[in-house]
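Structure first, commentary second.
The values are calculated or read from the model by the stated rules, or taken from the named source; none is laboratory data. Given the structure is predicted, the values throughout are model-derived calculations rather than measurements. FYI the Cβ positions are ideal-geometry reconstructions off the backbone, even for glycines, and counts take in every protein chain you see. Ligands, DNA and RNA are excluded from the accessible area calculation, which covers all protein heavy atoms including side chains. Shrake-Rupley method; radii C 1.70, N 1.55, O 1.52, S 1.80 Å.
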Amino acid sequence: MKNIAILCSGGDVSGMNPALKHFVEYSIQKGLTPYFVYNGYEGLIDDDMKEASYSDVSGIINRGGTKIGSARSQRFREKKYRDIAKQNLDARGIDMLVAMGGDGSFKALDIFYKESGVRFCGIPATIDNDINGTDYSLGVDTALNIIKVSIDAIRDTASSFRRAFVIETMGRDCGYLALISHLTSGSELCLIPEVDYDLKKYEQEFKKQIKNGRRYFIAIVSEGIKQDSSEISEWFESVIGMESRVSILGHIQRGGNPSTYDRLMAYKLVNKAIDGLLDGNQMSVICYTKSGFEFKTIEEVTSKKKELDPELLSYLERF
Ligand SMILES: Nc1ncnc2c1ncn2[C@@H]1O[C@H](COP(=O)(O)OP(=O)(O)O)[C@@H](O)[C@H]1O
Ligand SMILES: O=P(O)(O)OC[C@H]1O[C@](O)(COP(=O)(O)O)[C@@H](O)[C@@H]1O
């Protein structure tokens, strides 16, 4: 029997637990012995791994986060710790890894493969959806749903009180969550790091709208823009003349009951990753684009910054 392990690295997402469940089931179906590595690369270094069984994954499909933990590991950046990781994997006869994470995690495994020959397949998993070469990363759909529910709730209070709400989404330097939320929540303003802006441009229009009876504004701003959300709020108060509040959605975007779409994609991505490794893939990332599922090289996925879809970007301005 061949041994295969799975781990989560970087920011956790809703969808990792459904993926773990399917990993165990599909590995066993394929005659493999599944292993869990706990707390990302830290678990490889500390030998925190164990054979996984059906009972380990019962009752987790509806849970956000990841049952096996995730981490950002400083130690894995050093060769001496990666050598320890290799010894630990050898001792358990594990030579195939499935890793759920972002481009940083894949870069790490690329280095590890070149040093140790441990084959791997990456599953893109980040709410930021900022991985080059894939239109979708596990967890982004649940995060968007959480943001949608939050904005809808804020809209209720904003409209009752004649206020401008500045709602900050996560995403580091990628505005995907903000842009999609803007388009699907009908907000008046959206600021993202990819597009330079000048608030002056909105001044006349927003004042005119207030004159014509507008009672509230919703502005969605991505955490990576050049200003703090509080400065945008201050602009609403001092320039536009409407009382304003900031709502930073923060880590609630990373949790919650995984959406149906993320559960389904977790299932498919795990299937593809295991099939790829069984077919002899050495190191790849399973990506999803308009052409379907494709294995891509680490170079392709990590060497360039992801560009937002120009069609979506063209819808940014609503007025
Ligand atoms: N260049 C690198 N060399 C070795 N390890 C790395 C490298 N880049 C990232 N890693 C490892 O991958 C982990 C996750 O990377 P990070 O960029 O934080 O998250 P993500 O995978 O979400 O992009 C890091 O904590 C580190 O252990
Ligand atoms: O949980 P932390 O360490 O505060 O990190 C917050 C960051 O992690 C994310 O939620 C997800 O980032 P990754 O998936 O790239 O790890 C970012 O949107 C956010 O900037």
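The residues of the chain expose, per residue, 44 Å² of accessible area to a 1.4 Å probe. The angle between the Cα long axis of helix 16-29 and the longest principal axis of the Cα atoms of the chain comes to about 30 degrees, rounded to the nearest 10.
Working from Cα pairs under 8 Å separated by at least six residues, relative contact order for the chain is 23 percent.
Scattering from the stretch 1-148 was approximated by placing one identical point on each alpha carbon and applying the Debye formula without solvent; log10 I(q)/I(0) at 0.10, 0.21 1/Å stands at -0.32, -1.36.
When both bridge partners sit in the chain, DSSP labels roughly 20% of those beta bridges antiparallel.
Taking the three principal axes of the alpha carbon atoms in the stretch 141-254, the coordinate ranges are 38, 29, 21 Å, sorted in descending order. Inter-label distance, Arg162 to Arg72: 4.3 nm, where each label sits 7 Å from its Cα along the C-beta direction. Close amide H contacts of Phe120 (hydrogens built in the peptide plane, cut-off under 5 Å, sequence separation of 5 or more or a different chain): Leu97, Met283, Ser284.
Close amide-amide hydrogen proximity is noted between Tyr35 and Ile4, Ala5, Ile6, Ala52, each under 5 Å apart and 5 or more residues distant or on a separate chain (H modeled in the peptide plane; Pro and chain starts excluded).
If you add up the charges near Arg215, with Lys and Arg at +1 and Asp and Glu at -1, over every other residue whose beta carbon is less than 10 angstrom from its beta carbon, what do you get? Surrounding charge for Arg215 is +3. Taking the Cβ of Arg119 as the center, what net charge do the other residues with Cβ under 12 Å away carry, scoring Lys and Arg +1 and Asp and Glu -1? Once all neighbours under 12 Å are counted, the net charge is -1.
Per residue, the Cα convex hull of the stretch 77-135 amounts to 83 Å³.
Local charge for Leu183 was computed over the other residues whose Cβ lies under 12 Å away, with Lys and Arg +1 and Asp and Glu -1, and equals -1.
Between the beta carbons of Lys211 and Glu234, assuming R0 = 25 Å, the FRET efficiency works out to 0.70 to the nearest 0.05. Averaging the sequence gap over all C-alpha pairs within less than 8 Å and six or more residues apart, then dividing by the number of residues, gives the stretch 141-254 a relative contact order of 41 percent. Sorting the Cα pairs of the chain by distance into bins of 10 Å, from 0 upward, gives 6, 26, 29, 19, 12, 6, 1, 0 percent per bin.
Over all Cα atoms in the stretch 1-68, the spread is summed up by Rg and Dmax: 11.4, 32 Å. Taking only alpha carbon atoms, the stretch 200-319 gives an Rg to Rh ratio of 1.13, where Rh is the Kirkwood radius. Checking the cross-link pairs Lys2/Lys272; Lys79/Lys272; Lys80/Lys296; Lys2/Lys79; Lys268/Lys306 against a 21 Å limit on the alpha carbon distance flags Lys79/Lys272; Lys80/Lys296; Lys2/Lys79; Lys268/Lys306 as lying beyond it.
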